[in-house]
Amino acid sequence: MTERSVVSWNSMLAGFVRCVDFDGARRVFDQMPERNVVSWTTMVSGYAQNGRCKQALALFCEMQRARVELDQVTLVAALSACAEIGDLKMGRWIHAYIDWNFRFGNQPLKMPQTSTVSWTTMITGFAKQGQGKEALTVFRWMQTLDERGAKPDEITLVGVLCACSHAGFVDKGRRYFKCMNKKWGIEPRIEHYECIVDLLSRAGFLDEAHRLVETMPMKPNDAVWGALLSGCRIHKNVELASQIAQKLAMELDPDQAATYIVLLSNVFDTAQRWKDVVTMRQKMLGMGVKKTLGRSWVQIAGIVHDFLAGDRTHKRTLPIYEMLAGITRQVKQEGYKPDISQALLGVEE
């Protein structure tokens, strides 16, 4: 191009984001001679929508320092990133900013009109934070008020079933699932089956969950089988886990089957069937499968710290690992039997 404008730069930027090439997107963003609110919003939203929440919030803070006017799209993207990693301090700041700048004054924080989206957001937010009882209270409140346009939809019921699962409300979960179509005219989708299978599996109703999976009107996906196998791990049901894994190994290609081999290995590990663990780990090594590393976040004094299993890039790595070693020694002294499979295989996790 003989001349490049901010519009053409933004088009390139959006292309990289849509292709989920964030290294390329960041290079374009850094090279831009001029950025506008669209440039910043494209990056913040792209990061937030693809699980890169910490990067989204870091760029959002850069945007503020650059004194770029924050629009509603950017604020919603940043707020969703806060919800995902639990950054309550930043989330409250964004909420206050929206209230002040879009309602022309510091008035009481009350929505002038609620909708299905706002109700669902509340329900899902409580469910994600493990507050199932509060989520269901909001759901009952939603139905009691029966405001125009605020009827439960498919996403609302996903939040409700998720809340039941994490709170252990088995009977309520069963009831909501069974009356979805009759009461609200919602045909259960794969996401709803994922939630109810997870609910039953967590609570130990593994046979019921298995029957439900076998009779689903659609083909079970990774999340459904994963929920059932996770329930087998929690309740040490090795027989059912082996049966499921063998079936999947015959039906799926090696790349797909590898995921379930990892889950089955975890089941054997929990049941302390060490020989079976070694067999599974050797099979994983033979297939070139590596266990997905665990990731966690914690907010301390307003700062969100990100941890990845085996990562040593944190500036306080040494005291962190010293504390972890101390905790491990104390747990062993209390009689916990360590996982010997790592020593047998020499597999670093």
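Only the coordinates and a few stated rules stand behind these numbers; no lab work does. If you're wondering where the values come from, they're calculated on a predicted model, not measured in any experiment. Here Cβ is always computed from backbone atoms with ideal geometry, including for glycine, and neighbour counts include all displayed protein chains.
Could you derive backbone 3J(HN,Hα) for region 184-196 from the dihedral phi with the Karplus parameters 6.51, -1.76 and 1.60 (θ = phi - 60°), listing whole Hz in sequence and x where the residue is Gly or Pro?
Calculated HN-Hα couplings, in order: 10, x, 10, 7, x, 9, 4, 5, 6, 5, 4, 5, 6 Hz.
Quick check on packing: order 2-12, 72-82 by the mean number of other C-beta atoms within 10 Å, highest mean leading.
72-82, 2-12
Working from the alpha-carbon coordinates of region 115-188, get Rg over Rh, Rh being the Kirkwood radius.
0.93
Can you put T137, T144 in order, fewest other beta carbons within 10 Å first?
Least crowded to most crowded, the residues run T144, T137.
Stretch W93-F307 to full length: gain in nm at 0.36 nm per residue minus the Cα-Cα span?
74.6 nm
As a quick test, which of the pairs K172/K236; K54/K89; K178/K236; K128/K178; K183/K219; K133/K182 have an alpha carbon distance above 18 angstrom in this structure?
From the list (K172/K236; K54/K89; K178/K236; K128/K178; K183/K219; K133/K182), the Cα-Cα distance tops 18 Å for K172/K236; K178/K236; K128/K178; K183/K219; K133/K182.
Projected area of region 6-102, taken from the Cα convex hull and averaged over every viewing direction, in nm²?
5.7
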